[in-house]
Structure formats: structure tokens, C-alpha cells
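Report on one structure; see the data block that follows.
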Amino acid sequence: MEVGIDGIEIWTGKLELDLPGTFASAKGEDPGKYTEGLGLYTSSLPDAYEDIVTMAANAAHRLLRRKNVQPADIGRIDVATESAFDNSKPVSTYVAGCLDQVFDGEFRHANKGERKFACVSGTQALDDAHNWIRARRNRARAALIIATDTALYARDDPGEATQGGGAVAMLVDEDPDLVSFGTPQGIGSVDETDFLKPNQQFPSVDGKRSMQVYLARMREALQDFARNGGNTHPENFTLVPFHTPFPGMVRKAAALGFRHCVRDTEVEEQLADEIGRQPRPEAFDQQETYFEAIKSYTEELRHTSTYQEWYERTVEPTLCISREVGNWYTGSVHVARAAGLQEALVANRNLAGTSLLVASYGSGAQAEIHAETVQPGWREEIRQLNIDEQLDSRYELSFEEYEAIHDVHNHDESTDMEPFTTPHGEFVFDGWGRMGEREYSYVE
Ligand code: CAA
């Protein structure tokens with residue numbers, strides 16, 4: 001039995017902030033920091049009537065309609081988010097409440113929950129659904145998994161440059177149309193305090209340290225994956241989607257990952273004439289000298305045509321949506337997978353039957369690595385995505401408008417502001433109920 005992602009939909013926040021233009025100039029920064037350093041051009045931000053529930057429900061609504069799935073076909077709804085506004089009532093209940101407004105039938109017998117472990121929780125929710133189906137507790141029903149976040153930072157935090165907001169809805173089922181999940185799994189997990197939200201909406205972040213923690217946990221997950229039967233040869237994968245807080249982070253992770261994976265393979269041998277063999281720790285008396293040697297080897301490796309050709313083919317395509325939307329936390333690695341497949345469709349690559357290596361990460365901190373097999377129906381599934389049209393129709397914010405909308409998405413502040421866009425055929429936030437709950441309606 002194959003289990004995996006049967007369908008996917010992406011819903012972006014309706015507003016757009018031009019980073020090298022509007023944001024960098026207001027901050028007095030060089031645009032190159034965004035385009036070349038971080039690898040970002042625009043961020044997607046939610047409008048005043050949008051939040052994690054509306055974006056999740058809109059993505060899910062589109063997905064269920066397109067796949068012709070009825071409420072009774074869904075046995076599980078899990079929402080992964082790190083932007084929740086309630087410590088008790090899960091976001092999935094709000095999403096089901098929205099969907100109840102537009103579907104005949106109910107999600108009454110669907111098990112609902114919320115998954116939390118920073119950005120890795122979307123992948124964890126997929127894993128839970130996978131196990132639930134393999135355990136045969138699904139009664140022939142599918143799981144609806146949604147990763148949704150408003151990834152905003154406090155004003156003037158360095159993370160402000162990497163913000164974003166959007167949702168990814170995925171249907172996990174037997175005999176999937178898009179990708180099936182492999183069994184080997186690698187985990188790298190350590191208690192870290194690099195990025196956290198102790199009962200606050202905007203995170204406390206040690207940005208530079210968070211990057212080191214990302215790389216360290218990824219390496220451990222890769223080692224764990226290889227030890228558990230995962231094939232890590234880079235030529236085994238047609239795409240390698242990473243958690244993408246910003247493309248520059250993935251650039252660093254990909255080089256370290258490639259170096260790690262080609263050690264003791266024919267690729268290292270072939271590269272030896274050009275840049276030598278990889279330094280080995282046992283050849284050094286001092287750890288520091290070894291670190292310097294491995295750092296300069298990695299730099300040389302990045303400039304070889306072998307590495308660059310691999311990177312352009314397997315990693316670069318996964319970044320093309322992220323460059324235009326910023327970080328979506330839990331949704332980010334799922335956006336990367338969809339982006340890579342979308343680029344492959346445009347390039348007319350034949351990916352059916354090939355493998356993807358999916359590298360997820362959440363601060364706090366945990367990395368997870370697993371492989372997926374692309375299914376014969378992938379082209380049809382990816383062809384249905386309308387993310388490019390959504391991106392093109394975003395409203396472009398001035399800096400003053402950005403400052404105003406930023407406060408709307410801080411749950412600790414009460415703001416009342418007119419939206420910049422007009423909702424149409426979607427769920428909207430429309431106020432507070434008597435117990436402090438958020439209320440939603442569907443706008444035709
Ligand atoms: N031209 C070209 N490149 C430039 C440049 C210019 N004019 N100016 C700067 N750069 C480069 C810098 O050299 C740097 O690249 P390298 O790291 O390769 O040297 C890059 O642009 C960024 O510049 P800075 O380091 O000066 O940027 P910063 O100090 O403002 O901070 C950051 C960057 C730490 C990532 C910050 O944006 C941040 O805190 N982000 C949030 C935390 C984050 O995303 N961490 C990632 C790992 S944790 C994770 O993945 C979980 C998650 O989703 C949050």
C-alpha cells in the first residue's frame with residue numbers, strides 16, 4: 001500500500017511588500033542584502049480580514065472541491081501552526097467550522113488536532129496521517145493536513161526581512177496522486193533556545209545562532225536517515241526541498257549536505273583532481289584547524305561545476321515561490337516541494353517514479369529527513385496550482401501601509417483598519433464572539 005500526498009493547494013496572503021525596493025530603502029539598506037544575500041524579492045502578508053484560519057480554510061476549500069472530496073471522506077484534520085491564538089481550542093476546529101458553512105455534510109467524525117513544533121510540525125502532521133492510515137484506523141478516509149502561519153517578527157527585529165504569511169493544504173491518502181512517503185526517517189533533535197514564542201505573538205530570535213542550529217540539526221538528521229536505511233547519494237534525488245526560512249539559508253544547507261553525502265563516494269574521487277579530497281578530522285591535531293580546512297573545502301566545492309549543476313537541478317527550482325513570499329514557517333518546506341514540482345512541469349521533466357529528499361526543520365530544535373516517490377499523477381496535480389495568479393494579484397504595500405497592517409497581525413493589539421483588497425469567494429475574519437472567540441464567514 002502506498003500512502004502519501006494526494007493533492008495540494010497553496011493560499012498566499014493578499015498583500016505584497018517589495019523587499020529590495022520599498023523595505024530596504026525605508027531601512028536605508030542595500031537592496032543586494034535581499035536579492036543576493038537572503039535571496040528574497042517580496043513577502044506575502046495577510047490583509048486585515050485574513051489570518052491563519054481564513055488562509056487555511058481557503059486552501060482546504062479549494063483542495064476539497066477540486067478533488068471532489070466530501071466531509072464524510074475526511075477522517076482527520078490536523079493544523080500545523082506556530083501562530084495560534086488559543087491555547088485550548090485548536091485551529092482545526094475553526095477551519096472545520098468554516099468548511100461546514102460551504103459543504104453539505106459535516107466533519108463531525110473527523111479527529112481534529114493541532115501540531116506544534118515550530119516549522120517542522122507540518123511535516124510531523126503528515127507523518128501522523130501516514131501512520132494513522134498505515135495502522136488502518138482511517139476507515140478508508142483521507143486526512144486533511146494544513147500548515148498555516150502569519151510569520152511576522154517584531155518591528156526592527158532582523159527577522160523582519162524574512163516575513164511572510166500563507167497556508168498549504170494537503171490531502172493524505174492511500175494510492176496518492178502526487179508523492180508517496182518512504183519509510184526510513186532521520187531525526188536530529190536537541191533542546192535549543194534559538195527561536196521561541198513564550199506566549200507572545202512575535203518571536204524572540206537569536207537569528208545568527210538559529211542558522212547554526214538549523215545546519216547542525218540537519219546534519220544529524222541526515223546521519224540518522226543514512227543509518228536507518230535511507231539512500232543519501234545526491235544523484236538519487238531529482239529534487240531536494242528544504243525548509244526555507246529564506247533561500248540564502250538553503251544555499252548554505254545544500255552545500256553542507258552535498259559535501260556530507262558525497263564523502264567516500266565516486267563523486268568525491270572525481271572531484272579530487274580539482275579540489276582535493278575532503279579533510280578528515282583524524283588528520284588534524286586541533287579541531288579548529290579541521291574546521292577551517294573543511295570550511296575552505298566547502299567553499300571550493302560550491303564553485304565546482306559538479307556541485308553547481310546539481311544545485312541548479314535539484315535545489316534551485318524549489319526556491320522560486322519562496323523568493324516571492326518569504327517564510328511561511330510550517331508551510332515553507334511544502335511550498336518548496338510544490339515549487340520544485342511546478343518548475344519541473346514547466347521544464348517538461350519526467351519525474352514519475354523518481355525520489356525527492358525532503359528536509360524539514362523547526363526551531364527549538366528538530367530536523368527531519370525522509371524520501372518521497374513522485375507518483376504518475378503528479379503533472380495533473382501540479383498543473384492545477386494557481387499560486388502564480390495569486391502572487392500576481394497581490395496588493396503592493398507602501399512602507400506606511402506595511403507599518404499599519406503589521407500591527408493588525410499582532411494578537412496583543414486591538415486595531416481596526418480598512419482592508420486594502422476586497423474578498424471574493426473566500427472565508428474572512430469578521431469579528432469577535434462573546435467568549436473571545438474569532439468569528440468567520442464566507443463571502444460570495
Ligand atoms: N549584497 C549582497 N549580499 C549581502 C549584502 C549586499 N549588499 N548585504 C548583506 N549581504 C548578505 C550577508 O553577507 C549575509 O549572507 P551570508 O550569511 O552568506 O554572509 C546575508 O546577506 C544576510 O545579511 P546579514 O547577515 O547582515 O543579515 P541580518 O544580520 O539582518 O540577519 C538573519 C539575517 C539572521 C537571517 C535575520 O534575517 C533573522 O534573524 N531571521 C530570522 C531567523 C531565521 O530565519 N533563521 C533561519 C534558521 S531558523 C529557521 O529556519 C526556523 C525559522 O523558520 C525561523
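The values are calculated or read from the model by the stated rules, or taken from the named source; none is laboratory data. What you see is a predicted model; the values in this text were computed from it and never measured. Cβ: placed from backbone, ideal geometry, glycine included. Neighbour counts: every protein chain shown. Side chains included, ligands, DNA and RNA excluded: accessible areas come from the protein's heavy atoms. Shrake-Rupley method; radii C 1.70, N 1.55, O 1.52, S 1.80 Å.
Side notes on the structure shown:
- Within segment 318-331, if we keep just the residues that are in a helix (DSSP H, G or I) and open to solvent by 10 Å² or more (accessible area, probe 1.4 Å), the residue that is farthest from the ligand (Cβ to nearest atom) turns out to be GLU324.
- Any chance ALA151 is in contact (Cβ under 8 Å) with a residue 60 or more places away in the chain and over 18 Å from the mean Cα position of the chain (by Cα): no
- Selected residue (criterion: least open to solvent (accessible area, probe 1.4 Å)) from residues of segment 205-249 that are touching a Lys or Arg at 6+ places or on another chain (Cβ under 9 Å) and closer than 14 Å to GLN366 by Cβ: TYR214
- Total residues in segment 143-168, condition out of contact with any strand residue (DSSP E or B) (no Cβ under 6 Å at 6 or more places or on another chain) and of a type in the set (A, V, I, L, M, F, W, C): 3
- Of the set (1) assigned to a helix (DSSP H, G or I); (2) among the hydrophobic types (A, V, I, L, M, F, W, C); (3) within 16 Å of the ligand (Cβ to nearest atom); (4) more than 30 Å from TRP132 (Cβ to Cβ), all apply to CYS261 but (3).
- For segment 119-141, the set of residues classified as surrounded by fewer than 23 Cβ atoms within 10 Å (Cβ to Cβ) and at negative phi consists of GLN124, ASP127, ASP128, HIS130, ASN131, TRP132, ARG134, ALA135, ARG137, ASN138, ARG141, listed by residue number.
- Residue in segment 348-362 that is within 16 Å of the ligand (Cβ to nearest atom), surrounded by 13 or more Cβ atoms within 10 Å (Cβ to Cβ), part of a loop (DSSP other than H, G, I, E, B) and not charged (D, E, K, R) present: no
Residue by residue, here is whether (1) aromatic (Phe, Trp, Tyr); (2) open to solvent by 30 Å² or more (accessible area, probe 1.4 Å); (3) out of contact with any helix residue (DSSP H, G or I) (no Cβ under 9 Å at 6 or more places or on another chain) holds:
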position: GLU50; (1), (2), (3): no, no, no
position: LEU63; (1), (2), (3): no, no, yes
position: ASN87; (1), (2), (3): no, yes, yes
position: ALA110; (1), (2), (3): no, no, no
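- Yes/no for PRO281 being free of Cβ contacts under 8 Å to residues at least 60 places away in the same chain and either over 28 Å from LEU178 (Cα atoms) or open to solvent by less than 70 Å² (accessible area, probe 1.4 Å) (or both): yes
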